[in-house]
Amino acid sequence: MAVCIAVIAKENYPLYIRSVPTENELKFHYTVHTSLDVVEEKISAVGKALVDQRELYLGLLYPTEDYKVYGYVTNSKVKFVIVVDSSNTSLRDNEIRSMFRKLHNSFTDVMCNPFYNPGDPIQSKAFDGMVSAMMVQAC
Amino acid sequence: MADDALFEFLHMEMVAHVYKQQASRAETEQERTTSVSILEGMGFRVGQGLIERITKDTPGFKDDLDIMKFICKDFWINLFRKQIDNLRTNHQGTYVLQDNRFSLLTQFSNGKQYMEEAPKYLAFSCGLVRGALCNLGLDSVVTAEVSTMPSCKFQVVIQKA
Amino acid sequence: MSIPDYMQCAEDHQTVLVVVQPVGIVPEDQFFRIYKRIASVNQVSIRDSQRLLYIRYRHHYPPENNEWGDFQTHRKVVGLIAVTTCASAKEWPQTSDRFHGQKEVFGSTLYDSRLLVFGLQGEIAEQARTDVAFYPAYDQCEDVEKRVEDFVESIFIVLESKRLDRATDKSGDKIPLLCVPFEKKDFVGLDTDSRHYKKRCQGRMRKHVGDLCLQAGMLQDALVHYHMAVELLRSVNDFLWLGAALEGLCSASVIYHYPGGTAGKSGGRKPSIAQAADAGKRHRPGALTANGISADTSSEIGRAKNCLSPEDIIEKYKEAISYYGKYKNAGVIELEACVKAVRVLAIQKRAMEASEFLQNAVYINLGQLSEEEKIQRYSILSELYDLIGFRRKSAFFKRVAAMQCVAPTIPEPGWRACYKLLLETLPGYTLSLDPKDFCKGTHRGWAAVQMRLLHELVYASRRMGNPGLSVRHLSFLLQTMLDFLSDQEKKEVTQSLENYTSKCPGGMEVLTLPDGLKLPPVPFTKLPIVRSVKLLNLPVILRPHKVKGLLGQNMATKSPFIYSPIIIHNRGEERGKKIEFQWVQGDVCEVQLMVYNPMPFELRVENMGLLTSGVEFESLPAALSLPAESGLYPVTLVGVPRTAGNITVNGYHTSVFGVNSDCLLESLPGVKTGGCTVEVVPGLPRLQLSTSLPRSANAIQPPSGEELSSCVSVQLFNGETQKLAITLENIGTEMLETLEVTSRTVNTKVCARQLDSRCRDGLVAPALALHHHFGEKLFGEFLSWDLDEALSHFPLKPSQVVTLTVNIKVKLDFSGQENLLQDLNDDGISVTGLPISSPLRQVLKPRSDSKQVGGESGKAEYSHIKTLEAILNFRYSGGAGHVEGYYRELSLGVHLDVEPSVLFTRVSTLPATSTRQCHLLLDVFNSTEHELTISAKSNQDLVLHASECQRMAIQVDKFDFDNIPEPDEERVRFTNPKLLQEERQHAQGCEINSKLDICWTIISFPRIPPFAHLPSVRMQCINRIDTAATGMFVFLAAQVLPVRRRGRLAIDRRSTGPALKPMRLIGTGHRSRSEVVRPGSDARPRDGDVQAVSFSVVFVLLLFFFGVVVGENPAVTRHLPQTSGSRPQRSSSAPAERASRWAAMFPPRCAPPR
């Protein structure tokens, strides 16, 4: 279960960011924002390192003491970032991958919606619903 | 396979509709350019969405050439059920995609007849290619030309920002 | 060792550390000057060998760091240079002692020391000592560098000796165990003889030797030693020293691979010539070095085969750091190692791994760090992240450092430092402080984060004590982030803004910070949002009009071409378009803005005015209050241009929440405007007019849609004259120099048959022109005035007044000819053959099929009132505007309601006793509500009650029309014959009029009778008839003329005939008319010559018009309307008697009253 999910556009501004309501939601903003550095580095590194693994899943971006940050980039350079709690060790890589898959599917649907302009914040309810299902249930 | 016909008919009607709308307004010269840009704009948006869907499962692209190859193969197959027959490039950002039997033109003629109408029916496809490339991170200018029906050439010039 | 040295790099491992310290009191600036000079000697090439010695200088070094000198030799202080001031020989011993004392501090590791004494002269100074140098003054020490070099060489000697000493492998002897400070207690009581222990000692010593070699400039040897040490220490799992050995290895390799240094921007050291430019290229596999050798193989060729490859360096660093990590006391070492590794990685451009190292570094626990140290740590982290290109992380850590600066535990929070650091974080968040970057396109960056940052900036600047900065930042926040603020936040932000601006109002100047950063001004372009700007024309009475001169004169200001297609295509921007109308200097002009308020509460805008250029403009600021989230409201900004020229409205300024903003229209692309440049005409005078008559409620519709400044309304009886006194006051500031008055009539009632194009030709003389107009036949001069009297007062100074008197004379045709025509058809009354004309007939016999010809005139007949409208136009000019050819116009509308007064219903003549005279019998009908008195020149007065008809007789000379001048040939040819005819008749009419001089008077009560159309209280006058009525006399003339022509002869011939002759003559004419009109009528047959002279209907019908002259008012009597039938005839003279007898035969036809 994620603590914060963000969708970031090609130009590195957020299209969608949703986090578990806490006192300081802004810290998630910061975390995701700084993780973009790592994401960019990874993307550019792929080209240089001649790594054949052109995977969309970027894996663990960086760990902080409280959270682990995972990244995923689509072919259209839209980035998904999931922040999970560090203490949640039961979450395995596969699960994270599947979460990203679902995100990507939903995002594609949003993209194909003719009423959606690429570059606008995502306001689709279906997308919202899918994300809520993935988030930690706040009690 | 009725699917092909669906899109072809829709496309034909789309072009006719746009031109009919425009014809009620301006003179012919302006009408042509505006209609073409409307069609191209439509294609652009569709291309963006399509590429998102098609590349959902494919791994990343290495470079521009890789992207163009993808367009020629998977993208074209997805749209027109065939590949691009010939891809040429000058390695400096210009690519020419040649399709010897472009499915939207096959019903016109097999030679020079209706040549002047052809560009109208290529505008949407140009937009498709441009939208797809844009979403993959490449700004480009796409134009099309027809020398003999039903073969046509799409010329893509990648804009270096 | 608690303080990490973040600036340390891998190549520092080959340096020797020299501390330069002041002894006693030394002026700081002097000390640092000397220090700089000393520090410039950082590379000394040793004599007789090819080795280079590198020196590191510090002016402050904590002694506890020295204890790690065995661990890594570059950490220990080997040289001490003391600087002191000694003024006199007396102080010398003291100074010397102090020096020795300082030496003791580092005594255990010191190789050599020097003392530089400044200011001492005398014999002590003459002593030539190696360890002390005397200089007379701070600026007289040219050989300081030389001395330092010597000093370094002496250090080198010691170093070499130590190295050689340690390097020789005395495996047999006891090798002392080198320790780090915290290890010492661990090794107490350990068996010193075990192989394990021995190996440990050996390994450590080997590593130490390696360090010394490195310091001594022997790179290859160092590498060899390090390799050996690594193996040794690995076998004994001496992790700390293993790590040190690995690190040493890495350092040596780094020194080899990157001779340019890894310190980044600062501290670059001069690379040795042998390995010049390939340092930066090594990381790229497959690339070639400068001399064409593949970088991968270059590490194999040559001497440095023990050197690590660049990738290996990083591996080894990782390993070393992991070993360090096992010892919590080695935190500083670990941290420094991380930093060094990161620097290397940064050069290798391997940012991902560098970030990992840095990530690790963040979490190294260094124990209790002071706040200062924490700040330094975060700042360094931020710099390092910046070095590897992680801008956002860098910004993040810088922000953390800024927050640390003002942590609650700090007794004196460094707000200034905090603010400075926060400013530096802005680029990392794509936040620039220039509002222009935010007005186009989508919002850049993360809005939530940016808002937070701005809030922090505001807070920091406020605590810093600079309210101006707070205001600037807060206004920036409001301006750029307006779309992202919630309603609550908007309220809060504006409240705090108001709070701050009460202390320091916001302005448009560029704020410059002490470090040079400029904060651009932030105008509030969204509070309120302006959608369009429109320049308004002046009110009609103030508009300047240009005198239409000759073509040449006008064109002098424009191009020489009358028409040029090129000009048409010259469409500039809409904004640059010049507006058609003009403004006048000195008069208030307006600009209308449509504004919208986006805030969820009421917005108060104070001091809203215009920004203009081109002309001196006095802006009159406005204050407004806009309700929440609504618009568009029109706001009118006014001002007065003080000079003439072309004025351009550039924008507007507002003061909102205490912040002044100047918003220029060119930076607001969304504003619609139809042109911003207007010509300002030089000043013109202003005229205000007031009239003696009251203002009218009903407005006159001027034909071309122009506006009237005022309108007066008069109700008159037909034939009455009224004076209208117009007072003109110069209420402007310019002198009134010229004045022109013109008038024209306006009438919307169009009677098709009476359309007369003659007046439009303009060929008719003005006096007559007023006779011919649409609809109504007007006789005589309607409006007349004498301007000369008024003009004699000119030029009119400001606040001077001049009066112009306009005479209004109205003479209308109340006959209702068409109706009469029809009446005649039905009636067949005309007893004497003369038609009965009375507008009241309509009332008598209302027709079922009331045929109206010209609807309005019919209605007018019904209501007995005709209206006449005219416009008096005043054109005036003066002052500078007059020189340029401009004038202003005022128009006064005159609305007249004319009531019928007296009508002649019948005319007949009787011969008089003398042949030169005749009696004129006139049936007069009083169509007013009042009692009338009619008097003729030589007659008794006849009193008529309301709606009463009576006959009066006047004895008069026969008319002689010889005096009427004939028009000249020219005119005859060019003028319409009809017009000529009319003119002639008019002239004749005037002649008749002057002879008869019939006038009527009404004496009315001051109380206004209940009939609305009756004139007002002013009718305390006796109205006289001025018999200049055209109709009657035209008729008469018509009748008489043929009489004259023939008549004179006829009269002469028939002068002895029966008395009825003239009647017959008249009847003759009449019969012809009746023949024309109704061939089958039962008109009495007449005999006599019938002269088929065709007259227009107008001439035949008996219509009499009377003019009115205002006279005195003796008394007032109330008069009740009476029924007709009374015939109070008062006749005096014999002819009159006869006339009256005759009259008795033919009672006057007048209708009973209504």
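What is the residue count in the range C:71-94 for residues that are in contact with a Leu (Cβ under 8 Å, 6 or more places away or on another chain) and surrounded by 21 or more Cβ atoms within 10 Å (Cβ to Cβ)?
14
Among the listed residues B:Q92, B:Q155, B:Q159, B:Q107, which satisfies the condition of being under 14 Å from the mean Cα position of the chain (by Cα) and polar (S, T, N, Q)? Give the steps one after another, and end with the answer.
Numbers: B:Q92 fails: under 14 Å from the mean Cα position of the chain (by Cα); B:Q159 fails: under 14 Å from the mean Cα position of the chain (by Cα); B:Q107 fails: under 14 Å from the mean Cα position of the chain (by Cα).
Exactly one of B:Q92, B:Q155, B:Q159, B:Q107 is under 14 Å from the mean Cα position of the chain (by Cα) and polar (S, T, N, Q), namely B:Q155.
Please work out which one of (1) at pLDDT below 85; (2) part of a helix (DSSP H, G or I); (3) buried (at least 17 other Cβ atoms within 10 Å of the Cβ) is the condition C:Y35 fails and give its number.
The one condition C:Y35 does not meet is (1).
Only one of C:G203, C:G260, C:G210, C:G248 is at pLDDT 50 or above and in contact with a Pro (Cβ under 8 Å, 6 or more places away or on another chain); which? Even if it seems obvious, please write down each step before you answer.
Working: C:G203 fails: in contact with a Pro (Cβ under 8 Å, 6 or more places away or on another chain); C:G210 fails: in contact with a Pro (Cβ under 8 Å, 6 or more places away or on another chain); C:G248 fails: in contact with a Pro (Cβ under 8 Å, 6 or more places away or on another chain).
Going through C:G203, C:G260, C:G210, C:G248 in turn, the sole match is C:G260.
Residues in the range C:129-144: is at least one part of a helix (DSSP H, G or I) and out of contact with any helix residue (DSSP H, G or I) (no Cβ under 8 Å at 6 or more places or on another chain)? Explain how you work it out, then say what you get.
We begin by selecting, within the range C:129-144, every residue part of a helix (DSSP H, G or I); these are C:144.
Retained after the next criterion (residues that are out of contact with any helix residue (DSSP H, G or I) (no Cβ under 8 Å at 6 or more places or on another chain)): none.
So far as the range C:129-144 goes, no, none of its residues is part of a helix (DSSP H, G or I) and out of contact with any helix residue (DSSP H, G or I) (no Cβ under 8 Å at 6 or more places or on another chain).
Being modelled with pLDDT of 80 or more and surrounded by 10 or more Cβ atoms within 10 Å (Cβ to Cβ) is the filter here, so list the residues in the range A:79-95 that pass it.
Residues of the range A:79-95 that are modelled with pLDDT of 80 or more, as a first pass: A:79-85, A:92-95.
Listed by number, the residues that qualify are A:K79, A:F80, A:V81, A:I82, A:V83, A:V84, A:D85, A:D93, A:E95.
Here's the yes/no breakdown for (1) part of a helix (DSSP H, G or I); (2) hydrophobic (A, V, I, L, M, F, W, C); (3) at pLDDT 85 or above; (4) closer than 21 Å to C:G389 by Cβ:
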site	(1), (2), (3), (4)
C:K318	yes, no, yes, yes
C:K326	no, no, yes, no
C:G331	yes, no, no, no
C:E334	yes, no, yes, no
C:A341	yes, yes, yes, yes
C:V344	yes, yes, yes, yes
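Have a look at C:I375, C:I410, C:I388, C:I380 and point out the one that is within 11 Å of chain A (Cβ to nearest Cβ), over 44 Å from the mean Cα position of the chain (by Cα) and hydrophobic (A, V, I, L, M, F, W, C). Step through it out loud before you land on a result.
On the way: C:I375 fails: within 11 Å of chain A (Cβ to nearest Cβ); C:I410 fails: within 11 Å of chain A (Cβ to nearest Cβ); C:I380 fails: within 11 Å of chain A (Cβ to nearest Cβ).
Criteria check complete, one pass: C:I388.
Every residue, every condition in (1) surrounded by fewer than 20 Cβ atoms within 10 Å (Cβ to Cβ); (2) under 19 Å from C:I25 (Cα atoms); (3) touching an Asp or Glu at 6+ places or on another chain (Cβ under 7 Å), yes or no:
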{"site": "C:H100", "(1), (2), (3)": "yes, yes, no"}
{"site": "C:D112", "(1), (2), (3)": "no, no, no"}
{"site": "C:L120", "(1), (2), (3)": "no, yes, no"}
{"site": "C:Q127", "(1), (2), (3)": "yes, no, no"}
{"site": "C:R147", "(1), (2), (3)": "yes, no, no"}
{"site": "C:L177", "(1), (2), (3)": "yes, no, no"}
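For residues that are of a type in the set (V, I, T) and within 11 Å of another protein chain (Cβ to nearest Cβ), scanning just the range A:97-139, find the one that is nearest to B:K56 (Cα to Cα). Steps first, answer last, please.
Here is the first cut: in the range A:97-139, the ones of a type in the set (V, I, T) are A:108, A:110, A:122, A:131, A:136.
Keeping just the survivors that are within 11 Å of another protein chain (Cβ to nearest Cβ) gives A:108, A:110.
On the way: A:T108: 8, A:V110: 13 Å.
Residue satisfying both the conditions and the ranking: A:T108.
Do you know which residues across the range C:525-534 are surrounded by 20 or more Cβ atoms within 10 Å (Cβ to Cβ) and within 12 Å of the chain's Cα centre (by Cα)?
Listed by number, the residues that qualify are C:T525, C:P528, C:V530, C:V533.
Kindly indicate which of C:T727, C:T745, C:T738 is at pLDDT 85 or above, closer than 30 Å to C:D786 by Cβ, hydroxyl-bearing (S, T, Y) and touching a strand residue (DSSP E or B) at 6+ places or on another chain (Cβ under 6 Å). Can you show your working first?
Values: C:T745 fails: at pLDDT 85 or above; C:T738 fails: at pLDDT 85 or above.
Step by step, each of C:T727, C:T745, C:T738 is checked, and only C:T727 is at pLDDT 85 or above, closer than 30 Å to C:D786 by Cβ, hydroxyl-bearing (S, T, Y) and touching a strand residue (DSSP E or B) at 6+ places or on another chain (Cβ under 6 Å).
Under the condition of being among the hydroxyl-bearing types (S, T, Y) and part of a strand (DSSP E or B), which residue from the range A:51-96 is nearest to the other protein chains (Cβ to nearest Cβ)? I'd like the intermediate steps shown before the answer.
In the first step, residues of the range A:51-96 are kept if they are among the hydroxyl-bearing types (S, T, Y); the result is A:57, A:62, A:64, A:67, A:70, A:72, A:74, A:76, A:86-87, A:89-90.
With the extra rule that they be part of a strand (DSSP E or B), the set shrinks to A:57, A:62, A:67, A:70, A:72.
Numbers: A:Y57: 10, A:Y62: 6, A:Y67: 13, A:Y70: 15, A:Y72: 11 Å.
Of everything passing the filter in the range A:51-96, A:Y62 is nearest to the other protein chains (Cβ to nearest Cβ).
Quick one: is C:R416 over 32 Å from the mean Cα position of the chain (by Cα) and either assigned to a loop (DSSP other than H, G, I, E, B) or over 25 Å from A:H29 (Cα atoms) (or both)?
Details: over 32 Å from the mean Cα position of the chain (by Cα): yes; either assigned to a loop (DSSP other than H, G, I, E, B) or over 25 Å from A:H29 (Cα atoms) (or both): yes.
It is true that C:R416 is over 32 Å from the mean Cα position of the chain (by Cα) and either assigned to a loop (DSSP other than H, G, I, E, B) or over 25 Å from A:H29 (Cα atoms) (or both).
Note down all Cβ pairs under 8 Å where the first residue falls in the range B:63-89 and is in a loop (DSSP other than H, G, I, E, B), the second is of a type in the set (A, V, I, L, M), and they're at least six residues apart or on different chains.
B:Q83/B:I77; B:I84/B:I71; B:I84/B:L97
Can you run down the residue pairs with Cβ atoms below 6 Å, 6 or more apart or on separate chains, where the first is in the range B:140-153 and under 14 Å from B:R130 (Cα atoms) and the partner is among the aliphatic types (A, V, I, L, M)?
Filtered contacts from the range B:140-153: B:S140/B:L133; B:S140/B:V156; B:S140/B:I158; B:V141/B:V157; B:V142/B:V129; B:V142/B:V156; B:A144/B:L122.
Which numbered condition trips up C:D29, out of (1) free of Cβ contacts under 8 Å to residues at least 60 places away in the same chain; (2) part of a strand (DSSP E or B)?
(2)
Mind checking which residues of the range B:90-121 are of a type in the set (D, E), in contact with a strand residue (DSSP E or B) (Cβ under 9 Å, 6 or more places away or on another chain) and assigned to a helix (DSSP H, G or I)?
The first filter runs over the range B:90-121 and keeps only residues of a type in the set (D, E), leaving B:99, B:116-117.
Okay, now just the ones that are also in contact with a strand residue (DSSP E or B) (Cβ under 9 Å, 6 or more places away or on another chain), so B:99.
Listed by number, the list is empty, since nothing qualifies.
Let me confirm something: among C:Y886, C:Y876, which residue is in contact with a Pro (Cβ under 6 Å, 6 or more places away or on another chain), closer than 30 Å to C:E737 by Cα and either among the aliphatic types (A, V, I, L, M) or at pLDDT 50 or above (or both)? Break it down into steps so the answer makes sense when it comes.
On the way: C:Y876 fails: in contact with a Pro (Cβ under 6 Å, 6 or more places away or on another chain).
Going through C:Y886, C:Y876 in turn, just one is in contact with a Pro (Cβ under 6 Å, 6 or more places away or on another chain), closer than 30 Å to C:E737 by Cα and either among the aliphatic types (A, V, I, L, M) or at pLDDT 50 or above (or both): C:Y886.
Any residue at all in the range B:44-60 that's within 12 Å of chain A (Cβ to nearest Cβ), within 21 Å of B:P119 (Cβ to Cβ), surrounded by 15 or more Cβ atoms within 10 Å (Cβ to Cβ) and of a type in the set (K, R)? Break it down into steps so the answer makes sense when it comes.
Residues of the range B:44-60 that are within 12 Å of chain A (Cβ to nearest Cβ), as a first pass: B:44-60.
Next, from what is left, pick out any that are within 21 Å of B:P119 (Cβ to Cβ): B:44-47.
Okay, now just the ones that are also surrounded by 15 or more Cβ atoms within 10 Å (Cβ to Cβ), so B:44-47.
After this cut, where a residue has to be of a type in the set (K, R) as well, the list is B:45.
Yes: one or more hits.
Sort through C:T673, C:T691, C:T654 and tell me the only one that's modelled with pLDDT of 85 or more and either of a type in the set (S, T, Y) or on the phi > 0 side of the Ramachandran plot (or both). Explain how you work it out, then say what you get.
On the way: C:T673 fails: modelled with pLDDT of 85 or more; C:T691 fails: modelled with pLDDT of 85 or more.
The unique qualifying residue is C:T654.
Looking only at the range B:124-138, count every residue that is touching a Leu at 6+ places or on another chain (Cβ under 8 Å) and modelled with pLDDT under 90 and tell me the total.
Within the range B:124-138, residues that are touching a Leu at 6+ places or on another chain (Cβ under 8 Å) and modelled with pLDDT under 90 number 0.
Taking the range C:351-368 as the search range and keeping residues that are within 18 Å of C:K326 (Cα to Cα) and hydrophobic (A, V, I, L, M, F, W, C), which one is farthest from the other protein chains (Cβ to nearest Cβ)?
Taking the candidates together, the pick is C:L366.
Could you name every one of the helices (runs of 4 or more DSSP H) located completely within the range C:480-589 that has at least 3 residues being at pLDDT below 85? Quick ask: steps written out before the conclusion?
Numbers: elements: C:487-503, C:551-555, C:565-569.
Filter on the range C:480-589 gives C:551-555, C:565-569.
Check whether at least one residue in the range C:436-447 is of a type in the set (A, V, I, L, M, F, W, C), within 14 Å of chain A (Cβ to nearest Cβ) and touching a strand residue (DSSP E or B) at 6+ places or on another chain (Cβ under 8 Å), and report yes or no.
Looking only at the range C:436-447, we keep the residues that are of a type in the set (A, V, I, L, M, F, W, C), and these are C:438-439, C:446-447.
Within this subset, residues satisfying the condition of being within 14 Å of chain A (Cβ to nearest Cβ) are C:438, C:446-447.
With the extra rule that they be touching a strand residue (DSSP E or B) at 6+ places or on another chain (Cβ under 8 Å), the set shrinks to C:446.
There is at least one residue in the range C:436-447 that is of a type in the set (A, V, I, L, M, F, W, C), within 14 Å of chain A (Cβ to nearest Cβ) and touching a strand residue (DSSP E or B) at 6+ places or on another chain (Cβ under 8 Å).
Please indicate, with yes or no, whether at least one residue in the range C:418-433 is away from chain A (no Cβ under 14 Å) and over 20 Å from C:G516 (Cα atoms).
No - not one qualifying residue is present in the range C:418-433.
Residues of the range C:440-459 being assigned to a loop (DSSP other than H, G, I, E, B) and either in the same structural domain as C:S667 (by TED's automatic domain parsing) or surrounded by 15 or more Cβ atoms within 10 Å (Cβ to Cβ) (or both), which ones? Before the answer, list the steps.
Of the range C:440-459, the ones assigned to a loop (DSSP other than H, G, I, E, B) are C:440-446.
Selection gives C:R444, C:G445, C:W446.
Taking the options C:V117, C:V180, C:V144, C:V148, name whichever one is farther than 24 Å from C:W92 by Cβ and of a type outside the set (F, W, Y).
Numbers: C:V117 fails: farther than 24 Å from C:W92 by Cβ; C:V144 fails: farther than 24 Å from C:W92 by Cβ; C:V148 fails: farther than 24 Å from C:W92 by Cβ.
Answer to the check: C:V180.
The values are calculated or read from the model by the stated rules, or taken from the named source; none is laboratory data. Computed from a predicted model, the values in this text were never measured in an experiment. Here the Cβ is made from the backbone with ideal geometry for all residues, glycine too, and neighbour counts use every protein chain on show.
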